[in-house]
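> Provided herewith is a single structure, encoded as structure tokens, for subsequent inquiry.
The values are calculated or read from the model by the stated rules, or taken from the named source; none is laboratory data. Values in this document were obtained by computation on a predicted structure and should not be read as measured data. Because the Cβ atoms are built from the backbone with ideal geometry, glycine has one as well, and the counts that use them run over all protein chains shown.
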Amino acid sequence: MLVADGHEPVPDDFDTEVDGLPAKAVEHDRLPCLFHLTTHCVLAGEEFAVDAHDGDRLRLRWTGTDPATAARLGLELLGDPGSFGTEAGVGERTALWQVRRDLHRVSPPSGDATGDATGVEGSATQRLLHRIGHHLDTGALAVC
């Protein structure tokens, strides 16, 4: 499902709505890739996933799992056991970023499709990001 921004002109072929925004269903075989974006932020020194937003309010799900820490932070228990969250104003967060997780690629990646020593195929940027992630995982790279 493609969803229009709401601030841009809506293309003529957007014939449905998702969460009140113009949208268009797209056939799976017409997608060059399928991915999932999650938005994360830092609030009170802790990392949260942004579950929803309403105006300038964010619905946040804490990425931690320790009930004692959740209680200290004043978080509420969400539907799933061990899942805690809160609401906060957009201006209260100190960082904001998105994580893309590729689910399925229908066609070969654009750009340089050759692999490298990591065995990762795709563009030079994709391979670089993979190597950075690997070094972060192994503790071989410090980020300051």
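> Of the residues Asp56, Asp51, which single one is in contact with a helix residue (DSSP H, G or I) (Cβ under 6 Å, 6 or more places away or on another chain) and surrounded by 10 or more Cβ atoms within 10 Å (Cβ to Cβ)?
The conditions single out Asp56.
> Determine the pairs where a residue that is closer than 12 Å to Pro67 by Cα, located within region 78-100, has a partner that is among the polar types (S, T, N, Q) and part of a loop (DSSP other than H, G, I, E, B) with Cβ atoms under 9 Å apart, the partner being 6 or more residues away or on another chain.
Close Cβ pairs (under 9 Å, with a partner that is among the polar types (S, T, N, Q) and part of a loop (DSSP other than H, G, I, E, B)) amount to Gly82/Thr65; Ser83/Thr65; Phe84/Thr65.
> Within region 1-11, is even one residue over 17 Å from the mean Cα position of the chain (by Cα), hydrophobic (A, V, I, L, M, F, W, C) and at pLDDT 85 or above?
no
> Run Gly55 past the list (1) among the small types (Gly, Ala, Ser); (2) at negative phi; (3) at pLDDT below 90 and report the number of the one that doesn't hold.
Only one criterion is unmet by Gly55, namely (2).
> Another question, then. Counting just the residues of region 43-62 that are in a strand (DSSP E or B) and charged (D, E, K, R), which one comes out farthest from Ala95 (Cα to Cα)?
Asp54
> Take the residues in region 59-77 that are more than 18 Å from Cys41 (Cα to Cα) and either among the hydrophobic types (A, V, I, L, M, F, W, C) or under 19 Å from the mean Cα position of the chain (by Cα) (or both); name whichever of them is surrounded by the fewest Cβ atoms within 10 Å (Cβ to Cβ).
Filtering region 59-77 for residues that are more than 18 Å from Cys41 (Cα to Cα) and either among the hydrophobic types (A, V, I, L, M, F, W, C) or under 19 Å from the mean Cα position of the chain (by Cα) (or both), the one surrounded by the fewest Cβ atoms within 10 Å (Cβ to Cβ) comes out as Ala68.
> Could you please let me know if His40 is surrounded by 14 or more Cβ atoms within 10 Å (Cβ to Cβ) and either at pLDDT 95 or above or assigned to a strand (DSSP E or B) (or both)?
yes
> Part of a loop (DSSP other than H, G, I, E, B) and not assigned by TED's automatic domain parsing to the domain that holds Met1: does that describe Thr65?
So Thr65 fits the description; yes.
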